[in-house]
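The structure appears below as structure tokens.
The values are calculated or read from the model by the stated rules, or taken from the named source; none is laboratory data. As the structure is a prediction and not an experimental result, all values here were calculated from the model. Methodologically, a virtual Cβ is constructed for each residue, glycine included, from the backbone with ideal geometry; neighbour enumeration extends over all protein chains shown.
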Amino acid sequence: MGEMERDSLLSHGAAFCLHDRLFNCSDRHVAYACSRCGDLLSPATERSKILSAGQSKFDAMNKARLRVFCRNKMCINEVSREGADDVKVEPIALPYVYRYLVNELAGMNIKLTMKIE
């Protein structure tokens with residue numbers, strides 16, 4: 001192995017170590033974001049309705065299922081079915097500090113949007 005290959009492996013290892021220590025082991029946070037409007041603060045969850053009589057044991061155990069949807073006015077009009085998950089709201093992994101920054105800037109009437117593909 002040449003010197004250039006060795007340097008490449010060392011730099012990739014250092015980058016992976018930094019990512020692991022500063023993100024995965026520190027403040028990794030899974031949040032929901034809407035890919036329609038790019039908002040991190042509008043997606044919300046609500047408990048699903050309790051099923052009526054005749055539900056199976058499996059359904060009774062999973063009463064705490066959460067429905068995910070976007071509260072933005074632009075997105076509410078595009079949601080197809082009431083009571084179903086919004087397919088455009090996706091979980092993403094990001095540093096919690098970023099979510100805190102988005103909240104702080106929203107308090108100052110500055111909106112950050114994200115492009116989610």
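Of everything in the range 24-41 that's surrounded by 16 or more Cβ atoms within 10 Å (Cβ to Cβ) and either farther than 18 Å from Tyr96 by Cβ or hydrophobic (A, V, I, L, M, F, W, C) (or both), which residue is nearest to the chain's Cα centre (by Cα)?
The initial filter retains those residues of the range 24-41 that are surrounded by 16 or more Cβ atoms within 10 Å (Cβ to Cβ), namely 31-37, 39-41.
From what is left, the residues that are either farther than 18 Å from Tyr96 by Cβ or hydrophobic (A, V, I, L, M, F, W, C) (or both) are 31, 33-37, 40-41.
Numbers: Ala31: 3, Ala33: 5, Cys34: 8, Ser35: 10, Arg36: 14, Cys37: 14, Leu40: 8, Leu41: 10 Å.
Out of the qualifying residues, it is Ala31.
In the condition set (1) at pLDDT below 75; (2) over 17 Å from the mean Cα position of the chain (by Cα); (3) charged (D, E, K, R), Asp20 is compliant with all but (1).
Pairs meeting the criteria (first residue in the range 99-117 and without any contact (Cβ under 8 Å) to a residue 60 or more places away in the chain, second residue surrounded by 10 or more Cβ atoms within 10 Å (Cβ to Cβ), beta carbons under 7 Å, at least 6 apart or on different chains) are Leu105/Leu112.
For the range 65-112, give me each residue that is at pLDDT 90 or above and of a type in the set (Lys, Arg). The answer is Arg99, Lys111. When the range 1-23 is filtered for residues that are exposed (fewer than 11 other Cβ atoms within 10 Å of the Cβ) and polar (S, T, N, Q), only Ser11 remains.
Scoring Lys115 on the criteria (1) within 30 Å of Cys25 (Cβ to Cβ); (2) charged (D, E, K, R); (3) at pLDDT below 85 leaves a single failure, condition (3).
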